[in-house]
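Structure, as structure tokens:
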Amino acid sequence: MSQIPWWGLPLVAVVFALAGAAAAHLAASRNSEILSRRRRTRQWYDERKAAYVQLLAAFERATYRLRAAYDSGEKPPSALSYTDQIGPALMPVRLLASGPVRSAALAVHLQLERLHGEMNPAGVVGVEPRTHFRELLAQVPLVMQQFEAAVREELEIKDVPPAAESPALNGFRRRAALRAGSRGDR
């Protein structure tokens with residue numbers, strides 16, 4: 001005989017049932033949280049990668065247009081048209097990127113924006129506007145390289161491809177395996 005009165009048995013059963021249900025709910029919510037975290041990580045990477053690639057392509061197009069205008073002797077496109085072209089690609093990066101990537105992207109943007117604006121180095125004695133423009137245009141790839149490096153660091157992209165085994169080594173291993181197999185047959 002137990003010391004629990006007859007009317008207490010259903011209460012004990014309810015308490016244990018609730019405790020079991022709570023433990024099962026906790027385990028299920030923990031598993032779904034881990035799965036959603038993994039999904040968020042993949043989504044995080046995909047969103048940023050798409051935004052960075054789109055912005056890099058837009059920067060390349062703007063740089064090419066500037067070089068083509070400079071080489072042909074034409075006036076570069078206006079700063080407003082440049083902002084209209086770059087704006088849709090720049091906004092996701094400004095919203096999603098970490099500090100170093102955002103700073104590098106805005107440095108490239110500022111450099112290109114200067115090149116699209118009025119070239120007026122009148123404050124500096126002896127500087128011609130065409131020479132000043134050419135020097136600023138030559139700096140764009142360097143600033144873009146810093147942006148690319150910041151993107152590679154944030155997305156953990158490695159510059160070195162995985163090492164591949166040489167075909168001669170594979171042939172050597174295959175012959176060694178054949179010899180070992182033929183010795184086992186003896």
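The values are calculated or read from the model by the stated rules, or taken from the named source; none is laboratory data. None of these values were measured; they are calculated from a predicted model. Note: ideal-geometry Cβ built from the backbone for every residue, glycine included; neighbour counts use all protein chains shown. Side chains included, ligands, DNA and RNA excluded: accessible areas come from the protein's heavy atoms. Shrake-Rupley method; radii C 1.70, N 1.55, O 1.52, S 1.80 Å.
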Label points 7 Å out from Cα along the Cβ direction at E113 and Q3: separation in nm? 7.9 nm
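Kindly rank 4-16, 133-145, 69-81, 92-104 from highest to lowest mean number of other beta carbons found within 10 Å of each residue. Each step should come with its number before you reach the end.
Working: 4-16: 9.6, 133-145: 14.5, 69-81: 12.1, 92-104: 16.4.
Going by the mean number of other Cβ atoms within 10 Å, highest first, we get 92-104, 133-145, 69-81, 4-16.
Average the reciprocal distances over every distinct pair of alpha-carbons in the stretch 41-121, invert the result, and give the Kirkwood radius in Å. Each step should come with its number before you reach the end.
Numbers: mean 1/r = 0.0744 Å⁻¹.
This gives a value of 13.4 Å.
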Output ³J(HN,Hα) for the stretch 109-115: one whole-Hz value per residue in order, computed from phi by the Karplus curve 6.51 cos²θ - 1.76 cosθ + 1.60 with θ = phi - 60°, and x for Gly and Pro. 4, 5, 4, 5, 5, 4, 5
Hey, any idea what % of the stretch 12-122's accessible area is carbon plus sulfur with a 1.4 Å probe? 62 percent
Skip the ligands, DNA and RNA, and give the accessible area per residue of the stretch 51-124 with a 1.4 Å probe, whole Å². 54 Å²
Read phi for every residue in the stretch 65-81 and hand back ³J(HN,Hα) as whole Hz from Karplus 6.51 cos²θ - 1.76 cosθ + 1.60, θ = phi - 60°, with x for Gly and Pro. 4, 5, 5, 5, 5, 5, 5, 8, x, 7, 6, x, x, 6, 5, 5, 5
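Given the Cα-Cα distance of A21 and L136 and 0.36 nm per residue of separation, how much length would full extension add, in nm? Show your work: numbers first, answer last.
On the way: separation 115, 0.36 × 115 = 41.40 nm, distance 6.74 nm.
Length gained, A21 through L136: 34.7 nm.
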Calculate the spin-label point distance for Q145 paired with V14, positioning each point 7 Å from the Cα along the beta-carbon direction, and give it in nanometres. 7.5 nm
Would you mind getting me the FRET efficiency between S81 and V160? Use the beta-carbon distance for r and R0 = 45 Å, nearest 0.05. 0.65
